[in-house]
Structure formats: structure tokens, C-alpha cells
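Before any comments, here is the structure.
The values are calculated or read from the model by the stated rules, or taken from the named source; none is laboratory data. Note that the structure is predicted; figures quoted are calculated from it, not measured. With ideal geometry, Cβ positions are generated from the backbone for all residues, glycine too; neighbour counts draw on all protein chains shown.
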Amino acid sequence: MSGRPKVSCKRHKCPRCTYRTAHKWHLKQHMCTHTGEKPFACPQCTYRAAQKSHLKTHMLTHTREKLYACDKCTYRATRKGTLKTHMITHTGEKPYACDKCTYRAVHKWHLKQHMRTHTGEKPFACSQCTYRTTRKSDLKTHMRTHTGEKPFACPQCTYRAAQKSTLKTHMRRKHARRKLGASIGIDIPMRVGLDYFKANISDNSTGHPEIR
């Protein structure tokens with residue numbers, strides 16, 4: 001046996017974290033966890049994945065029979081492990097506990113995400129500015145500030161939003177206001193909050209509501 005020290009063959013190193021690998025394509029795949037990139041697209045729906053193996057698993061939802069059925073609801077799954085995870089929604093079980101506080105999680109990745117609130121780690125970095133975040137979904141939302149993408153469309157007008165919450169606000173302020181106003185025969189001013197308006201309308205002598 002040689003007395004020489006063992007040299008690591010993991011020569012490909014991630015510039016953003018401590019990950020190392022022997023294969024260049026493994027590193028390329030790993031980098032997607034930082035950028036939020038999902039290059040593998042499902043040909044049958046809008047699903048996209050960072051890894052080819054994830055897309056392969058997803059395709060089972062289109063091609064494979066769902067043999068595993070929940071005995072408490074109509075949910076069915078292609079894999080036994082997926083059904084087991086689903087059953088926690090019925091039992092309320094949270095098997096993954098934080099060792100620094102009282103937080104408990106249903107899923108292991110939820111706990112991993114929570115731990116970053118203690119460590120301060122922000123592994124998901126924007127490739128175009130200095131923004132960093134603890135969650136991949138937050139990075140995806142942030143990237144729209146650079147791309148201008150607005151995937152959430154209003155079903156009643158041409159308005160589009162970068163965030164679902166922004167679309168909800170639009171729907172409430174614009175369309176709910178119009179619908180209520182049309183039902184009582186007046187235009188509700190934008191300066192008046194809908195909740196306030198509903199709580200303070202009364203019939204005047206002309207038969208139309210007014211704000212008290």
C-alpha cells in the first residue's frame with residue numbers, strides 16, 4: 001500500500017458554497033440550486049425541473065397509473081413514498097424538529113429551510129445583482145424584476161402582475177369595486193376603501209346609498 005496522501009478527485013468546486021464534485025456536469029446541475037434555473041421542461045404541462053431525474057419522476061404523473069390511494073380522501077399517488085408524505089396532512093404529524101427552537105415541520109426540506117433563520121445562510125443568489133435569499137421561490141419572484149416577466153394575468157382585463165399577491169390586490173381594488181358599484185347604481189371613488197364603504201352606506205332620500 002502506498003504511503004502517499006490521498007488526493008481528492010473532486011476538482012470541480014462551486015463558487016457560491018462548499019459543494020465539490022468529480023464531474024463537471026454535476027456542478028452545472030448543482031448551480032441550478034443557486035440560480036433557480038429549471039432547464040428541463042415537461043412536454044405535457046407547465047412543470048419545469050432543475051434536474052433531469054426530477055422531470056423523469058414528474059412524467060409518471062402523466063404516464064403511470066396511480067396505484068396508491070389515500071383511505072381518507074380521494075388523493076392517489078404513483079409512488080408509495082408520496083402517499084406516505086400526503087398522509088401527514090390528515091394526521092397532523094410533524095416529525096422533523098428544530099434543535100434550536102420549538103419549530104416542527106411536516107417535511108424535511110421545510111426544516112432545512114427554517115434552519116436558515118438561525119444560521120443566516122442565504123444560498124440562493126441572483127446572477128444579476130447582489131440579492132440573496134433563503135428560499136428558491138423568493139429568488140424566482142425576484143428575477144422577474146430583471147426579466148420583466150408577469151405570469152399572473154387578470155381574467156377580466158389586460159392587467160398582468162409579477163406576483164400573485166399583486167394580482168389579488170388588483171382584483172379586489174378594481175373589479176370588486178366596479179361589481180359592488182354596479183349593483184347599487186353608483187361609482188365608488190378609489191379613495192374610499194371597500195370595507196369602509198360596505199360598513200357605512202345608507203339610503204338617502206333619492207334612494208341611492210351614500211357614505212356616512
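Give the stretch 54-66 a look and list any residue that's surrounded by 14 or more Cβ atoms within 10 Å (Cβ to Cβ) and in a loop (DSSP other than H, G, I, E, B), or say none.
The answer is K66, and nothing else.
Is it the case that the stretch 38-53 has a residue that's surrounded by 13 or more Cβ atoms within 10 Å (Cβ to Cβ), outside the structural domain of E121 (by TED's automatic domain parsing) and assigned to a helix (DSSP H, G or I)? Don't jump to the end; show me each part of the working.
Just the residues of the stretch 38-53 that are surrounded by 13 or more Cβ atoms within 10 Å (Cβ to Cβ), to begin with: 38-40, 42, 47-51.
The next check asks that each one be outside the structural domain of E121 (by TED's automatic domain parsing); those that pass are 38-40, 42, 47-51.
From the residues that got through so far, the ones that are assigned to a helix (DSSP H, G or I) too are none.
Taking every residue of the stretch 38-53 in turn, none turns out to be surrounded by 13 or more Cβ atoms within 10 Å (Cβ to Cβ), outside the structural domain of E121 (by TED's automatic domain parsing) and assigned to a helix (DSSP H, G or I).
Scan the stretch 68-85 for residues that are among the charged types (D, E, K, R) and closer than 18 Å to H107 by Cα and jot them down.
If the condition is that a residue be among the charged types (D, E, K, R) and closer than 18 Å to H107 by Cα, then R79, K80, K84 are the ones that fit.
Checking the condition touching a strand residue (DSSP E or B) at 6+ places or on another chain (Cβ under 8 Å), within 30 Å of R172 (Cβ to Cβ) and among the aliphatic types (A, V, I, L, M), which residue from A105, A125, A153 passes?
A153
Given the options H86, H12, H90, H26, name the one that is closer than 30 Å to T117 by Cβ and either at pLDDT below 85 or among the aliphatic types (A, V, I, L, M) (or both).
After applying the criteria, what remains is H26.
Just checking, does the stretch 104-115 include any residue being at positive phi and not assigned by TED's automatic domain parsing to the domain that holds P15?
The answer is no, given that none of the residues of the stretch 104-115 is at positive phi and not assigned by TED's automatic domain parsing to the domain that holds P15.
Taking the stretch 82-110 only, how many residues are assigned to a helix (DSSP H, G or I), closer than 24 Å to S137 by Cα and of a type outside the set (A, V, I, L, M, F, W, C)?
Matching residues across the stretch 82-110 total 6.
Give the residues of the stretch 111-159 that are assigned to a loop (DSSP other than H, G, I, E, B), touching a helix residue (DSSP H, G or I) at 6+ places or on another chain (Cβ under 6 Å) and hydroxyl-bearing (S, T, Y), sorted by residue number.
Correct list: S127, Y131, T134, Y159.
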